[in-house]
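Take a look at the structure below.
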Amino acid sequence: MHTQSEIGYNSKIEGDVVITRIDAALAWFRKNSVWPMPMGLACCGIELMAVGASRFDISRFGSEVMRFSPRQSDCMIVAGTVTYKMAGFVKRIYDQMPEPKWVIAMGACASTGGMYRSYAVLQGVDNIIPVDVYISGCPPRPEAVLDALIKIQNQIGTEPILSKMNVVAQLTGSSKS
Amino acid sequence: MLNLDSANQLKARFGDLISDPVQFRGEVTVELADAGQIAEVCGFAKSKLGFNYLVDISSIDNYGADPRWTVVYELRNLANNAELRIKTDVSEEKSELPTVLGVWATANWHEREIYDMMGLRFAGHPDLRRILMWEGYPYFPLRKDFPLAGKPTNVPDVAFTRITPMEGGPFVTVPGGGDSIAREPRVRVPENAEPGLSDKQLAKK
């Protein structure tokens with residue numbers, strides 16, 4: 001009598017062939033492993049920590065690996081008030097991140113300067129670096145950060161990878177060698 | 001009573017340099033006539049009166065009045081919880097007074113902050129650099145003649161500033177009745193700016 005249960009593990013999956021395009025597969029890998037660069041500058045940084053903790057659990061979306069080195073991260077989450085004094089460092093850290101890279105402006109301050117209409121505060125981080133998703137709120141709920149991450153993932157999922165690489169190769173002439 | 005006693009002892013020691021103590025809700029303030037003596041007065045307050053904790057130093061810009069600056073020292077005696085406030089005036093031409101760093105080491109950063117925000121110099125301070133803004137920033141932003149929106153500056157490779165847009169401002173709280181929607185800062189058309197009316201009520205009118 002055949003008693004093997006298939007609950008928990010389907011042995012038929014292994015060995016099967018899934019047909020897809022390499023572009024789609026790469027995009028799928030990429031969008032489910034977005035490593036954030038936590039740029040916690042003010043109170044939004046505390047809410048960002050909540051996103052990483054167990055209740056909201058950003059690892060459900062593959063982004064639990066907060067990298068404190070820009071060299072290892074894909075998506076900078078600017079969480080908090082960007083002062084002019086800090087602006088240069090934010091730009092420098094962004095420049096150190098390898099391509100491809102994305103930016104989330106979390107909260108009112110990072111998006112527009114928020115309530116700080118003052119001589120000391122940069123009026124939106126998009127003055128110095130390109131922003132992909134803005135999150136409203138002061139601070140935003142952790143769910144809103146997850147929503148922004150999903151929006152980034154959807155964007156990554158539609159981006160062509162190989163064709164882009166071909167263009168880069170043609171521009172730099174590296175394909176001829 | 002304790003606060004007043006301390007102030008009277010200070011006056012007994014320095015005489016006419018110290019004004020009569022002013023008491024308001026238990027807080028005692030004395031004014032020092034000559035800012036150049038602040039280090040001696042503070043030294044006496046610490047060594048003889050036991051004010052071993054400098055709570056804060058702050059500065060006031062009396063823009064348009066003479067003398068322009070007032071510097072305020074908040075002292076506390078941690079043994080008996082006596083408190084004392086010493087105020088002293090500094091003229092705009094001078095804009096300088098002695099450091100009290102030799103009395104309380106914590107004065108170091110307080111004085112740097114006043115230098116950074118107001119431009120008052122502290123003679124004898126060993127490290128009078130800016131503490132909040134960056135080296136090379138040309139203005140003193142908490143002076144009354146400095147605009148809230150700031151001024152454009154650029155120190156290459158360090159930091160820049162731009163003029164902040166102030167459309168719809170000033171965003172100030174309106175006193176009086178009404179709910180928080182009516183009272184709290186938002187864009188107000190000046191001719192409709194009746195206190196205590198929400199935008200909805202204004203729209204109805």
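Across the range B:35-52, what is the total count of residues that are closer than 13 Å to B:G102 by Cβ and free of Cβ contacts under 8 Å to residues at least 40 places away in the same chain? Total meeting the criteria: 3. Where the second residue is in a helix (DSSP H, G or I) and charged (D, E, K, R) and the first is within 15 Å of A:G62 (Cβ to Cβ) and lies in the range A:150-161, which pairs have Cβ atoms under 7 Å and are six or more apart or on separate chains? Note: pairs meeting the criteria are A:Q153/A:K31; A:I156/A:R30; A:I156/A:K31; A:G157/A:K31.
A:M115 falls short of the stated requirement of being at the interface with another protein chain (Cβ under 9 Å from one of its Cβ atoms) and either within 21 Å of A:A50 (Cα to Cα) or assigned to a helix (DSSP H, G or I) (or both). Residue count for the range B:161-173 under the criterion of being at pLDDT below 75 and under 26 Å from the mean Cα position of the chain (by Cα): the result is 5. Scan the range B:151-164 for residues that are more than 7 Å from every other protein chain (Cβ to nearest Cβ) and either among the aliphatic types (A, V, I, L, M) or farther than 16 Å from A:V82 by Cα (or both) and the total you get is 8.
If we scan the range B:129-140, do we find a residue that is small (G, A, S), under 25 Å from A:I128 (Cα atoms), surrounded by fewer than 16 Cβ atoms within 10 Å (Cβ to Cβ) and within 14 Å of chain A (Cβ to nearest Cβ)? Scanning the range B:129-140, I find at least one residue that is small (G, A, S), under 25 Å from A:I128 (Cα atoms), surrounded by fewer than 16 Cβ atoms within 10 Å (Cβ to Cβ) and within 14 Å of chain A (Cβ to nearest Cβ), so the answer is yes.
Examine the range B:101-117 for a residue that is part of a strand (DSSP E or B) and in the same structural domain as B:R25 (by TED's automatic domain parsing), and state whether such a residue exists. Taking every residue of the range B:101-117 in turn, none turns out to be part of a strand (DSSP E or B) and in the same structural domain as B:R25 (by TED's automatic domain parsing). Selection of the range A:66-92 for residues being in contact with a Pro (Cβ under 8 Å, 6 or more places away or on another chain) and surrounded by fewer than 17 Cβ atoms within 10 Å (Cβ to Cβ) yields A:R67, A:F68, A:R71.
The single condition from (1) closer than 26 Å to B:V158 by Cβ; (2) in a loop (DSSP other than H, G, I, E, B); (3) in contact with a Lys or Arg (Cβ under 8 Å, 6 or more places away or on another chain) that B:F140 fails is (3). Got at least one residue in the range B:122-130 being of a type in the set (K, R), touching a helix residue (DSSP H, G or I) at 6+ places or on another chain (Cβ under 8 Å), in a loop (DSSP other than H, G, I, E, B) and at pLDDT below 85? No, because not a single residue in the range B:122-130 is of a type in the set (K, R), touching a helix residue (DSSP H, G or I) at 6+ places or on another chain (Cβ under 8 Å), in a loop (DSSP other than H, G, I, E, B) and at pLDDT below 85. B:V28 satisfies every condition listed in (1) within 15 Å of B:E83 (Cα to Cα); (2) over 19 Å from the mean Cα position of the chain (by Cα) except (2).
The values are calculated or read from the model by the stated rules, or taken from the named source; none is laboratory data. The shown structure was predicted, so the numbers you read here are calculated from the model rather than taken from an experiment. All Cβ positions, glycine included, derive from the backbone under ideal geometry; neighbour counts span all protein chains shown.
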